[in-house]
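The values are calculated or read from the model by the stated rules, or taken from the named source; none is laboratory data. Quantities reported herein were computed from a predicted structural model and do not represent experimental measurements. Note that each Cβ is placed from the backbone with ideal geometry, even for glycine, and that neighbours are counted across all protein chains shown. In case anyone asks, the SASA skips ligands and DNA or RNA and just uses the protein heavy atoms, side chains included. Shrake-Rupley method; radii C 1.70, N 1.55, O 1.52, S 1.80 Å.
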Amino acid sequence: MSEKIVITGGTGFVGTHLILELLEQSDAELFCLVRAKNTSAEQRLHQQLAHVIQGSGYALELINQVKKRCHAIAADLQGDITSLATSIPSGVSQFWHCAASLNYEERFAAEIYDINVEGTRKALALARALNVDCLNYVSTAYVAGRNTGVILESTMTEVQSSNVYESSKVKAEQLIYAQQDMKYRIFRPSIVIGHSHTYQAINFSGMYGFLRRLIQFKGMMARVQRGYLERESIRMNVDPDVPINLVPVDKVAKQAIAIARSDSNDTIFHLTNRTVPTVGEALKVLFSIVGLPPPKIVQDTTQYAWIDEKFNEKIEFYKSYLTGYKQFDRSASNAALGEHFNTARYAVTTNNLNEYCGWYCAQLTKTRSQVPVSR
Amino acid sequence: MSNEIFVVGTGRCGSTLISNILNHHPDVLSLSEFFTFVTDLGTLIPQAFPAMEIDGAQFWQIVSGVYAKQNIMLVHDIAMKEVLYPFKTDVRFNASTGVPAILQTTLPHLTPEYDALFDQIHAVIAARGMATAAAHYHALFGWLAAHFGKSIWVERSGGSLRVIERLYQQFPNAKFLHIVRDGRDCALSMQRHNGFKMVLLIFQITEILGIDPYESDDRSWQDDLPDELISFLPESFSGNDFLAYNVPPSLYGHYWSGEIMAGLEILDKIPAAQQLTLQYESILTDTRNTIKHMIQFISPDSSANAAWCDAVISSVKRPTAVWKTLDTREQSRLNDACAPGFAALTKRRIQW
């Protein structure tokens, strides 16, 4: 009899890739908790997975496996999900909780808390009701908040978060540490970007959100004064020499599955990348791709003009990626993965970062309308 | 010589004074803020100048449109002070019904019988057949001039350098009176003006949403809006938040520079005989000579010029916005922001 696995967030960025890895690497039957929106839960799930299969270089045959082995269960983490235990067959071994809100503006604070913290509480209750062997939770490496230096793969108790998103993920992790009913693993990816070969992404927060804000800011200023930002560099008070930990989504999924299938007794794993650009190099690529000169790095914010202040306000959320040296310890991850995991193919360099960003800019051009400057 | 004149300039360059004093000239029809409102504060400029021929009914829609941005400002009691229509009293149009563009300022500026004039214009325009927008505008302004027994019309809208390219395309024989004022004072004055605040807010929101939220219901990108801008969507607009929203003068300084540089590019294409540039400050310091110079450009053959000068000279008042009242840091930022505009003007030998 095949293994049974429950997954939340199966239409999300990491969730879809985890499902596809599970389909490829096992014969498990997957029960995916999915919100029904304009279409049924099943249609949404299958369409999203087919979209990722086609855009991320998976074998097209996997679409048949999706139809055969991915069962959608209509559910909303903001509603009651514990009662769904009766709709899921018994004998579930693994529960993957990937669903999360990636918003960060204060006006979403209640929703973020509801989905990320209360949603995790409900996921734990459902996992308990299903009597699963292990709960796998997809968190973020940035639960580290403003901590710098070596960030250990250990529980996060006292931490100064940079925003409501980060603090919600800390609280969600704490709920998991506190429960004693089942084994758990917490996976902490860093900044997840598109597929390492095709660059396809389906969620556009993180690096893509920064890039989008840069494009928007350039557009705003073009409405105020044509060509201004092309002539004048934006000033930023960031740490240009610290690494910015960008990790392709397929690496996150493959490593998470490999760790879950290992005999590791560790509980917290950093899913980060070994070869990444520095903040200065990455910013140069991002600014260049939107047609702007590289930012001028300044030592303190007193050197900001008003426009610099405004830009830096708009990207405040991303500051924890751009300031403070964080070295993500990977002892547990590396031990679980062994020596054989090929990391070279996932290296993010300035060259391929340009490709990742170019892919996204092309998507934006196709999907986003633009109002010409009124003259 | 042309009897069609446009007064152009950046926002808060002092051109309102020109409309007001010209309104007393017996030969001049002073059209005030017509293109400000017909373009909904300069955000719908292409729509006000459609490329295809349109009929009278379609042109009337442009001229009498009840536009969203200018009218939400009436609803929330943050109307620009240029609005002359008494929308707060229980009249034909009010904040609830919205006030048609041409009635916001242009017609009340001309006559106390603005509602009746509005109906007369409607009848005139509705009877017109297919024509270019330029032909319709010529006909409208010409009809208004004849109606008031004037031989010249002068249209002036705040910040109209933004629309100068369209005006020159549509009115290639018109004369352009360019009013320039120290960008730092313009910026400070724009900062205190609700219309320019609205424009800069709309720039930001439009760029984030990819649509003009006052013209489209599409909110696909709303999650990208920072909290501080949510209150300026039409569905969640807050007059209090609008008043509290602070944009520093230096951003308006950048805006001023941008408008000057783009505007001068077009002015460079207009024959010298069709344009005159005057510094607002000289109207204040050398009032009689500057006004005389101006009216000679507008209405060289009018016998009424001298008497008109005598009559209006006392209405020239010094404005209150003075950039040197800012603190040192903001002065420095404002200087930097206005530097590109000053450099462009210096090439035309205009300096402060």
* Could you give every pair whose Cβ atoms fall below 6 Å, whose first residue belongs to segment B:329-351 and is away from every other protein chain (no Cβ under 11 Å) and in contact (Cβ under 8 Å) with a residue 60 or more places away in the chain, and whose second residue is open to solvent by 40 Å² or more (accessible area, probe 1.4 Å) and not polar (S, T, N, Q), counting only separations of at least 6 or pairs across chains? -> B:ALA344/B:MET261
* Quick one: which residue in B:THR10, B:THR36 is assigned to a helix (DSSP H, G or I), modelled with pLDDT of 95 or more, closer than 30 Å to B:MET261 by Cβ and open to solvent by less than 20 Å² (accessible area, probe 1.4 Å)? => B:THR36
* Give A:ALA222, A:ALA178 a once-over and let me know the one that is of a type in the set (Gly, Ala, Ser), over 18 Å from the mean Cα position of the chain (by Cα), more than 14 Å from every other protein chain (Cβ to nearest Cβ) and open to solvent by 10 Å² or more (accessible area, probe 1.4 Å). => A:ALA178
* Could you please let me know if A:ASP266 is charged (D, E, K, R), surrounded by fewer than 19 Cβ atoms within 10 Å (Cβ to Cβ) and in the same structural domain as A:THR157 (by TED's automatic domain parsing)? => yes
* Quick check, is A:TYR325 within 14 Å of another protein chain (Cβ to nearest Cβ), over 30 Å from B:GLU259 (Cα atoms) and in contact (Cβ under 8 Å) with a residue 40 or more places away in the chain? -> no
* All but one of (1) within 17 Å of the chain's Cα centre (by Cα); (2) open to solvent by less than 20 Å² (accessible area, probe 1.4 Å); (3) in contact (Cβ under 8 Å) with a residue 60 or more places away in the chain hold for B:ARG166, so report the exception by its number. => (2)
* To do: Only residues in segment A:221-234 that are closer than 21 Å to B:ARG162 by Cα count as the first member; pair them with residues that are hydroxyl-bearing (Ser, Thr, Tyr) and buried (at least 22 other Cβ atoms within 10 Å of the Cβ), Cβ under 6 angstrom, at least 6 apart or cross-chain, and list the lot.
  => A:VAL224/B:TYR255; A:GLN225/B:SER257
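Table: residues versus (1) assigned to a helix (DSSP H, G or I); (2) in contact with a His (Cβ under 7 Å, 6 or more places away or on another chain).
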{"position": "B:LEU17", "(1), (2)": "yes, no"}
{"position": "B:PRO26", "(1), (2)": "no, no"}
{"position": "B:LEU41", "(1), (2)": "no, no"}
{"position": "B:MET52", "(1), (2)": "no, no"}
{"position": "B:PHE59", "(1), (2)": "yes, yes"}
* **Residue pairs meeting the criteria (Cβ under 6 Å; at least 6 apart or on separate chains; first in contact (Cβ under 8 Å) with a residue 24 or more places away in the chain and farther than 16 Å from A:GLY9 by Cα, in segment A:22-51; second open to solvent by 50 Å² or more (accessible area, probe 1.4 Å) and not in a strand (DSSP E or B))** => A:ALA28/A:GLU3
* Asked: Pick from A:MET207, A:MET156: which is over 30 Å from A:THR302 (Cβ atoms) and buried (at least 22 other Cβ atoms within 10 Å of the Cβ)?
  -> A:MET156
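Yes/no per residue for (1) free of Cβ contacts under 8 Å to residues at least 60 places away in the same chain; (2) aliphatic (A, V, I, L, M); (3) in the same structural domain as A:GLU232 (by TED's automatic domain parsing):
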site: A:PHE287; (1), (2), (3): no, no, yes
site: A:LEU292; (1), (2), (3): no, yes, yes
site: A:PHE317; (1), (2), (3): no, no, yes
site: A:ARG375; (1), (2), (3): yes, no, no
* Asked: Out of all the residues in segment B:189-206, is one or more crowded, with 18+ Cβ neighbours inside 10 Å and not in a helix (DSSP H, G or I)?
  -> yes
* Asked: Out of all the residues in segment B:64-78, which are part of a loop (DSSP other than H, G, I, E, B) and open to solvent by 30 Å² or more (accessible area, probe 1.4 Å)?
  -> B:VAL66, B:TYR67, B:HIS76, B:ASP77
* Structure fact -> Residues of segment B:276-304 being crowded, with 19+ Cβ neighbours inside 10 Å and either under 21 Å from B:LEU161 (Cα atoms) or not hydroxyl-bearing (Ser, Thr, Tyr) (or both), in sequence order, are B:LEU278, B:GLN279, B:TYR280, B:ILE283, B:ILE291, B:MET294, B:ILE295, B:ILE298
* Residues being buried (at least 20 other Cβ atoms within 10 Å of the Cβ) and either assigned to a helix (DSSP H, G or I) or within 14 Å of chain B (Cβ to nearest Cβ) (or both) - total across segment A:229-259 -> 12
* **Candidates B:LEU167, B:LEU161, B:LEU144 - the one that is touching a His at 6+ places or on another chain (Cβ under 9 Å) and not in a loop (DSSP other than H, G, I, E, B)** => B:LEU161
* Structure fact -> Screening A:ALA347, A:ALA335, A:ALA362 for residues that are farther than 30 Å from B:GLU165 by Cβ, more than 13 Å from every other protein chain (Cβ to nearest Cβ) and free of Cβ contacts under 8 Å to residues at least 40 places away in the same chain leaves only A:ALA362
* Asked: Within segment B:319-334, which residues are surrounded by fewer than 16 Cβ atoms within 10 Å (Cβ to Cβ) and either part of a helix (DSSP H, G or I) or touching a helix residue (DSSP H, G or I) at 6+ places or on another chain (Cβ under 6 Å) (or both)?
  -> B:LYS324, B:THR325, B:THR328, B:ARG329, B:SER332
* Confirm whether A:VAL238 is touching a Lys or Arg at 6+ places or on another chain (Cβ under 9 Å), among the β-branched types (Val, Ile, Thr) and within 27 Å of A:ARG274 (Cα to Cα). => yes
* Any chance segment B:231-253 includes a residue that's in contact with a Ser or Thr (Cβ under 9 Å, 6 or more places away or on another chain), without any contact (Cβ under 8 Å) to a residue 60 or more places away in the chain, within 12 Å of another protein chain (Cβ to nearest Cβ) and surrounded by fewer than 18 Cβ atoms within 10 Å (Cβ to Cβ)? -> yes
